[in-house]
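Note sheet for the following structure.
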Amino acid sequence: MLYQFLAAVFLILLIVDRWKPNKFVKLHKELGNDWTYVPILGNILKIVGSKEKFVTASLQLASQAIKRKHKAVSIWVGAKLYVVMSDGDQVNTVLRTALDKPFIYKFTKPILGNGSVFAPVHIWHPRRKILMPSFAPRYVNNFVSVFEAESKILADQLEFEVGRGNFGCFDYIVTYSLISVCETIFGETSDTQRTLDRTFFNAFSQCLKYVTDRITKPWLHIDAIYKLLPMYARQIKYTNIVYQCIDNVIYAKRKLLAKNDAIEKADNPVKTDKSKPPFNSFLELIVKNSKNNNEKGYTHEELREEIFVLGVAGTDTLAVGTSFTMLMLAQYPDVQDKVYKEIQEILGDSDKPLEAKDLIKLTYTTAVIKESLRLYPPVSFITRHCHKDLELPSGLVLPAGCDVIINILGVQRNPDYWGEDANEFKPERFISGHVPPNGFIAFSQGARNCVGQQYAMLSMTTVLVTVLRRYRLKPATNVRRTKDNKLRLAFEVMTKEVNHFAVQVERREE
């Protein structure tokens, strides 16, 4: 029976491959790529094989694109055509015009539902209106107290690694990131740690792994095949674990909010709980804002989806971005010295709690973070779908139904924008004032850009300040690199460093 099913699937794929829409065949002739085409498979042999191969392919496509008339290439993944772009001006037009994300949505929906980051436009648009006020500076700035408290715990943990040689800093950073994200989402530190235990963390990581597998393995793109495999059942299992944990926290928070509302309305209100954090959590803000925009507010399912997406979007992106920055500081001691000097000049050795207004003054530190994000964006590509014909600045017309892959890694290393030294680490680019307007898109562009940019920058800056005040980062020894001595990168939903961001640390001299 299985062989008959597979034979039928093969026959269907062969027919689909033979009868591709003419408008896409014509578009591919105009763009194309330098890779070999294989019937049914398309160009995927250059992509599959390893997580490193996927990133290498992205860089190869970027290199091909800048040499072509329209600064873009096209690839066949099976019978599906994708236009891959690495030109900032072309990309800007797409991101401001085409807002749907069908490609990535197909693989995230079973886990994240209709969470607004990946949802169709008709779902994303009203939810974005509710989310945006929650990321206002007056709320986000208050989270610095959380970032500082958790980064101090991180710094204490790094004491164990002093003098012990190479270690992967990512494990420490991702723990900091997950706990601080959960605390700012849910509010109560003790409740968060009780409810979101190691079982949750493991299930959360597994969910991300399944999304990666489906994106990087085209044979898993077909739902009929994927649902027959054991990994589908495991995906459902881990997703349900995450949902249950989030449900428990939401129910508890709603109950607490209802109780607080009743106290505020009472004639003789009792004193407020002194253990309550000195900020409104995202969960509280979203619940309140949803009521302001809709009398019924978010349904429980909608709220759960948004919370899950915030956790996914915040945890790994923060951890990867911070880890790459620490890796760069370890490899460039002169840059690290400048960052430390700026920290000393602006913040000194005072025990005064960090505040957003002080962190914003660290202009060189901010430049270092942005340069790290430029060379090593945690999200290396995003997708868009054209519902109608779209003409680009180059004159190329993307036909209705066309899917576009925005190669962020390629845009941010494009020598047309950054010069011949585009692959070199030079934070001064972001000090000079000559940053190309469409050359840096680590937080995306247009209406569907990242709402958490300020949150991310404050979190990463706080970690660097706290760690560098106590330690000096040093490069790892005996670490395997690429042939041209570059970092080895792999795609795991986020773009990560193969050696787990290996560094060494030593205490700073008094």
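Values in this text are rule-based calculations from the coordinates and carry no lab data. The shown structure was predicted, so the numbers you read here are calculated from the model rather than taken from an experiment. Using ideal geometry, Cβ is built from the backbone for each residue, glycine included, and neighbour counts are taken over all protein chains shown.
I need the shape label for the range 145-188. Rule: rounded when a/c is under 1.5, else prolate if a/b > b/c, else oblate, with a, b, c from the alpha carbon gyration tensor.
Because a/c hits 1.5 or more and a/b exceeds b/c, the range 145-188 counts as prolate.
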* Structure fact -> Rounded to whole angstrom, the alpha-carbon centroid of the range 91-127 lies from that of the range 295-366 at a distance of 25 Å
* Give the relative contact order (percent, whole number) for the chain; include only Cα pairs under 8 Å separated by 6+ residues. => 25 percent
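About the Cα centre of the chain, how large is the charge dipole given +1 on each Lys and Arg Cβ and -1 on each Asp and Glu Cβ? Please answer in debye to the nearest 20. Show your work: numbers first, answer last.
Working: 68 positive and 54 negative charges, 291 e Å.
About 1400 debye.
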* To the nearest Å, what is the center-to-center distance of the range 208-246 and the range 399-445, using C-alpha atoms only? -> 32 Å
* Among L458, L131, I406, pick out the residue whose Cα is farthest towards the positive end of the charge dipole of the chain, where Lys and Arg carry +1 and Asp and Glu carry -1 on C-beta, about the Cα centre. => I406
* To do: Just check the range 416-473 against the gyration tensor rule for me: Cα atoms, a ≥ b ≥ c as the square roots of the eigenvalues, rounded for a/c under 1.5, and otherwise prolate or oblate depending on whether a/b exceeds b/c.
  => oblate
* **Estimated FRET transfer efficiency when R0 is 35 angstrom, pair E52-F135 (beta carbons, to 0.05)** => 0.55
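Mean separation of Cα pairs under 8 Å and 6+ residues apart, divided by the residue count of the range 56-204: what relative contact order is that in percent? Present the calculation step by step, with values, prior to reporting the outcome.
Values: 82 pairs, mean separation 14.7, N = 149.
This gives 10 percent for the range 56-204.
Near M231, within a Cβ-to-Cβ distance under 15 Å, what is the net charge of the other residues, with Lys and Arg +1 and Asp and Glu -1?
On the way: positive: K209, R214, K217, K227, R234, K237; negative: D213, D223.
That sum, taken over residues with Cβ under 15 Å, equals +4.
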* Filtered trypsin sites (Lys or Arg not before Pro), the range 110-164: DSSP coil and at most 13 other beta carbons within 10 Å -> R164
* Hydrodynamic radius of the range 99-227 per Kirkwood, over alpha carbon pairs, in Å -> 17.7 Å
* Structure fact -> Filtered pair list for the range 359-510 (Lys only, Cα < 18 Å, 8 or more apart or interchain) has a length of 6
* Among (1) 20, 51, 27, 2, 0; (2) 18, 49, 24, 8, 1; (3) 21, 54, 23, 2, the entry that matches P(r) over Cα pairs in 20 Å bins from 0, in percent as calculated here -> (3)
